[in-house]
Amino acid sequence: MFRRLVFRDSVAFSGSVVGLASLLFGWLTVKPSRVAAGASFQLWEGAAWPVTLLMAALWLVCLTASTLARERLRGAVLGITANLILATAFVVAGRAAGQLLEGQDTIARVSLGSGFWLALGGAYVVVFSARESLRGLRFSRYLVSLAGIVTFISLLAAGWFDRLSILQEFSGREERFLQELNRHVLLFAGSVSVGTVLGVLLGVWATRSRRAERPIFFIANITQTIPSLALFGLLIAPLSALSFAYPFLRDIGIRGVGVTPAVIALVIYSLLPIVRNTYVGLRQVDPAAIDAGLGMGMTRRQIFRRIEVPLAAPLVLEGVRTASVQSVGLTAVAALIGAGGLGWFIFRGVGQQAPDLILLGAIPIIVLALAVDILMRGLVRWATPRGLRRGEG
Amino acid sequence: MIRLEEITKRYGQTAAVDNLSLEVGKGEVCVLIGPSGCGKTTTLRMINRLVEPTSGRIFIDGENTDHVRPEKLRQSIGYAIQSVGLFPHMTVAANIAVVPELLHWDRARIASRSKELLTLVGLSPEEYAGKYPGQLSGGEAQRIGVARALAADPPMLLMDEPFGAVDPLTRERLQAQFVGIQQGLKKTVILVTHDLDEAIRLADRIAIMEAGRLVQYDTPEAILSRPASKFVHDFVGTDRALKRLSRISVENVLRPPASVGIDATVESAVSACDECHWVWVVDDTSRLVGWVDRNSLSAASSVRDSVVTVNPNDIALASTATLREALSRMLGQGLKSIPVVDRDSRLVGEIALADIEAATSEAGA
């Protein structure tokens, strides 16, 4: 009986268990200074008992709702409750931070603890599960997915989180942050663009020439196995040598450290998914369709443009998506060789043992990766010809 | 219409097609048949230059195809293949429109043409024009394939097992439909198959190939009655006499039926039974009702009382049926003679076992 009830939505159930557990962990950490050891505060210490009880009650609603049999009702209850939890967590975090800092030295810092992050994680597990239950209800799905984010952004803009350490790291570095964010986007977007052009060309070549096929995949596969740090490092020596031997290369900005090796490495990493997907995309086109096209008097070029390209495009873009998401993360490492980007905050934070500075770099990278992923998924969907879309028409 | 002159295609040392010459007249259906690897598909693909012959020449309407740009040549020849090869990202209408678009027809003409073709292959344009190939059954896809091949109204069609990838029942329907369409359009068709029954059913002339060579090229009747070699003899099989029957329509050997009206007198019925022991009974619109036999008539007061009623659908044969079906029906029902009816189940004749025997010996002579 119990088992049957639980497994209506085991994902949301697990998320709720994580959420309940989050109440047992410290929500906020107060440190006398930026790098000093901190003291952890529980939710009921930072906020108050009523808030703690409210959170517990909301998690229990999720837990119970995950056993509901009616799918849409379950999705609605889970989606609404999870978003209430998110809103409460955000409000509490900002408010408690201010209260805990009351009377403290100005250099004291308060940062978010594991309890908060667990609650965030648990709530999003529930949100994604609720989305699944709301299949077919487009508006409700968007609402459930975005309500928490919108709450967060509104509170952030209103200065609600200003007392949190991560925002104190940000304040005073606004210019630097925007500069590195900008550079991060340029680095990964530029590299993936170059990688897409090269990757598609290599992919097409691999399908057209049996002799080229094996070496292309051999090289693309090998490069993927080189650790990113090693590849960045390996490029320094030859590029320095080149720029010393040919000073004009220095003049156009090609040096052993900085942007050049970063872009080269990122391009190399983005090649494999794009080459592979281009190859598979072109190979999966029904040979009978090509034969029929030739037999009806289409030229090779017409077949490529009118049959092969539209049929392969979704897979090629799927490869670009993989490469983009991967590149957003890899670009962080590029900061090590002086290329800049959001990785700069991460390595600076590691160096200064300032976890919130690390987060200032890490969180935007995660958000950027998610945003790129969503954007590219939309693009893939848009490029999928109607006759090939699953579950439609 | 089309003439192949000493065509050879070699792949390395092996000749896929070896010195083959063939001529197909305008409006004829020529079926290329033979075991796998005999070169029939290669021969077909050399006609529209999807495969270039190693040597030899091909003429269409007297013009050497070598002198025509391959794309242009192919646009003027319909092409349908077993795996159909519809473009999955295009609607049925867009698939049919491929060649007309290559030929720069205007939109209105393309639209009306694709409607016309869908109707021709028996699919409703309203329902099918906007569908995607993924939504079609195998039989529907094959019909769209044929419609697409006919799109620009080419005088000539090349078909590579166009009804191969469907179940036997659907194949039979598609074949019957093809025969009907071909009667109206009179295209010059070259069709590849490995199914002898299909060849016999569709062909005006059959070209039998073995290891790249043409071993016999003749009408189905001639091939069945006079196989040119042991290979052909074995290929057509021991049941070739039966196969020959499927070339002969019941209409051709029909004899007038011995029948009486249901309201006829017993005397006239008895006299109609003079030659045999029984006679068909029809109603006043000549629809088949049943039969009476002499013994029961002698005791009865009227024909109506002694008639054994039958369901025409169970026992009678359509006049468009073949002798093969007639024979099968006779054996199945244990009858020496069966009635033949027209579309409105009116009795138009009858056919007896002896008639079939006579027809086979005639064709075999």
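What is the fewest-to-most order of A:Leu155, B:Leu44 by other Cβ atoms lying within 10 Å of their Cβ? Could the numbers behind the result be given before it?
Working: A:Leu155 16, B:Leu44 22.
So the ranking, lowest neighbour count to highest, is A:Leu155, B:Leu44.
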Using the eigenvalues of the Cα gyration tensor, what equivalent ellipsoid semi-axes result for chain A when each is taken as the square root of five times the eigenvalue, whole Å, largest first?
-> 44, 33, 15
Within chain B, longest stretch clear of exposed trypsin sites (Lys or Arg not before Pro) (DSSP loop, no more than 10 other Cβ within 10 Å) = B:1-335
Quick one: which residues, 5 or more positions from B:Ile81 or on another chain, have an amide H under 5 Å from its amide H? H modelled 1.01 Å from N in the peptide plane, none for Pro or chain starts.
-> B:Asp160
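Based on DSSP H runs of at least 4 residues, each adding -39500 (n - 2.57), what is the mean residue ellipticity at 222 nm of chain B after dividing by all its residues, to the nearest 500 deg cm²/dmol? Intermediate values should be presented prior to the final figure.
Working: 18 runs with 142 residues, N = 365.
Using -39500 (n - 2.57) per qualifying helix, the result is -10500 deg cm²/dmol.
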Can you tell which of B:Tyr132, A:Gln326, A:Ile274 lies farthest toward the positive end of the dipole of the protein assembly as shown, using +1 and -1 charges on the Cβ of basic and acidic side chains (Lys, Arg; Asp, Glu)?
-> A:Gln326
Hey, got a sec? Which trypsin sites (Lys or Arg not before Pro) in region A:213-303 land in a DSSP loop and have at most 15 other Cβ atoms within 10 Å?
-> none
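Could you give the length gained on full extension between A:Tyr142 and A:Phe347, defined as 0.36 nm per residue of separation minus the Cα-Cα distance, in nm? Please list the in-between numbers first.
Numbers: separation 205, 0.36 × 205 = 73.80 nm, distance 3.56 nm.
Roughly 70.2 nm would be gained on extension.
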Per-residue ³J(HN,Hα) for region A:77-93, Karplus 6.51 cos²θ - 1.76 cosθ + 1.60, θ = phi - 60°, Hz, x for Gly and Pro | 4, 4, x, 5, 4, 4, 6, 5, 4, 4, 4, 4, 4, 5, 4, 4, 4
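May I ask for the net charge around B:Ser55, where only other residues with Cβ less than 11 Å from the Cβ of B:Ser55 are counted and Lys, Arg are +1 while Asp, Glu are -1? Don't skip to the answer; put the middle values down first.
Details: positive: B:Lys9, B:Arg10, B:Arg57; negative: B:Glu5, B:Glu6, B:Asp18, B:Glu52.
Computed value for this residue: -1.
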Separation of region A:349-376 and region B:88-140 by C-alpha centroid, Å?
-> 53
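Taking loop as defined by DSSP and a crowding limit of 13 other beta carbons within 10 Å, which chymotrypsin sites (Phe, Trp or Tyr not before Pro) in region A:57-136 fit?
Details: sites: A:Trp59, A:Phe90, A:Phe116, A:Trp117, A:Tyr124, A:Phe128; in loops: none.
Sparse-neighbourhood loop chymotrypsin sites (Phe, Trp or Tyr not before Pro): none present.
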Could you size up the charge dipole of region B:43-90 around its Cα centre, putting +1 on the beta carbon of Lys and Arg and -1 on that of Asp and Glu, and report it in debye to the nearest 20?
-> 100
From largest to smallest, what semi-axes in whole angstrom does region B:250-364 give when each is the square root of 5 times an eigenvalue of its alpha carbon gyration tensor?
-> 26, 15, 12
Percent of Cα-Cα pairs per 5 Å bin, from 0 to the last occupied bin, for region A:174-388, please list those.
-> 1, 7, 13, 15, 16, 14, 11, 8, 6, 4, 2, 1, 0, 0
Length-normalised contact order for region A:74-227 - Cα pairs under 8 Å, 6+ apart - percent = 26
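Taking 60 Å as R0, compute the FRET efficiency from the Cβ-Cβ separation of B:Leu169 and A:Leu379 and round it to 0.05.
Details: r = 45 Å, r/R0 = 0.75.
Efficiency, from the Cβ-Cβ distance: 0.85.
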Selection from B:Leu120, B:Thr8, B:Leu73 lying farthest towards where the dipole of region B:2-238 points positive, charges on Cβ | B:Leu73
Measure nothing fancy, just the Cα-based angle from helix B:353-364's long axis to the longest principal axis of chain B, in degrees from 0 to 90, nearest 10.
-> 30
Expressed in angstrom and rounded, the centroid-to-centroid distance over alpha carbons for region B:296-342 and region A:139-213 is 82
Give a residue-ordered list of calculated ³J(HN,Hα) values for region B:15-24 (Karplus: 6.51 cos²θ - 1.76 cosθ + 1.60, θ = phi - 60°; whole Hz; x for Gly, Pro).
-> 9, 6, 10, 10, 6, 9, 10, 7, 10, 10
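With charges only on Cβ, +1 for K and R and -1 for D and E, what is the dipole size of region A:2-164 about its Cα centre, in debye, rounded to 20? Write down the numbers at each step before the final one.
Details: 15 positive and 7 negative charges, 137 e Å.
So the magnitude is around 660 debye.
Find the eigenvalues of the gyration tensor of the Cα atoms of the protein assembly as shown, then list the square roots of 5 times those eigenvalues as equivalent ellipsoid semi-axes, largest first, in whole angstrom. Walk me through the intermediate numbers first.
Working: eigenvalues 1232, 313, 69 Å².
Listed largest to smallest, the semi-axes of the protein assembly as shown are 78, 40, 19 Å.
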Helix B:168-185 sits at what angle to the longest principal axis of chain B, using alpha carbons and giving 0 to 90 degrees rounded to 10?
-> 80
Spin-label model distance (nm) - A:Val35 vs A:Gln179, 7 Å beyond Cα toward Cβ = 2.3
Tilt of helix A:114-133 relative to the longest C-alpha principal axis of chain A, in degrees (0 to 90, nearest 10)?
-> 60
Intensity falloff of region A:33-86 expressed as log10 I(q)/I(0), Debye formula with alpha-carbon point scatterers, at q = 0.13, 0.27 Å⁻¹ = -0.47, -0.99
Would you mind telling me the antiparallel percentage of the DSSP bridges in the protein assembly as shown, rounded to 5?
-> 60
In terms of modelled amide H atoms, which long-range or inter-chain residues lie less than 5 Å from the amide H of B:Val340?
-> B:Leu317, B:Val348, B:Gly349, B:Glu350, B:Ile351
Mind listing the phi-derived Karplus ³J(HN,Hα) values for region B:92-108, rounded to whole Hz, using 6.51, -1.76 and 1.60 with θ = phi - 60°, and x for any glycine or proline?
-> 4, 4, 5, 5, 5, 7, 4, 5, x, 5, 4, 8, 6, 5, 7, 3, 4
What helix-only [θ] at 222 nm does chain A give? Using -39500 (n - 2.57) per DSSP H run of at least 4, over all residues, to the nearest 500, the answer is -24500 deg cm²/dmol
Taking the Cβ of each residue in A:Leu28, A:Leu73, B:Leu20 as the centre, tally the other Cβ atoms inside 10 Å and list the residues starting with the fewest.
-> A:Leu73, B:Leu20, A:Leu28
Under unit Cβ charges (Lys, Arg +1; Asp, Glu -1), what dipole magnitude, rounded to 20 debye, does the protein assembly as shown have relative to its Cα centre?
-> 3180
Could you name the lysines in cross-link range of B:Lys115, using Cα to Cα under 24 Å and dropping any fewer than eight places away on the same chain?
-> B:Lys131, B:Lys186, B:Lys187
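Computed from the coordinates by the stated procedures, all read-outs in this text should not be read as laboratory data. Being a predicted model, the structure only gives us computed values, none of them experimental. Don't worry about glycine lacking a Cβ; one is built from the backbone with ideal geometry, like all the others, and counts go over all protein chains shown.
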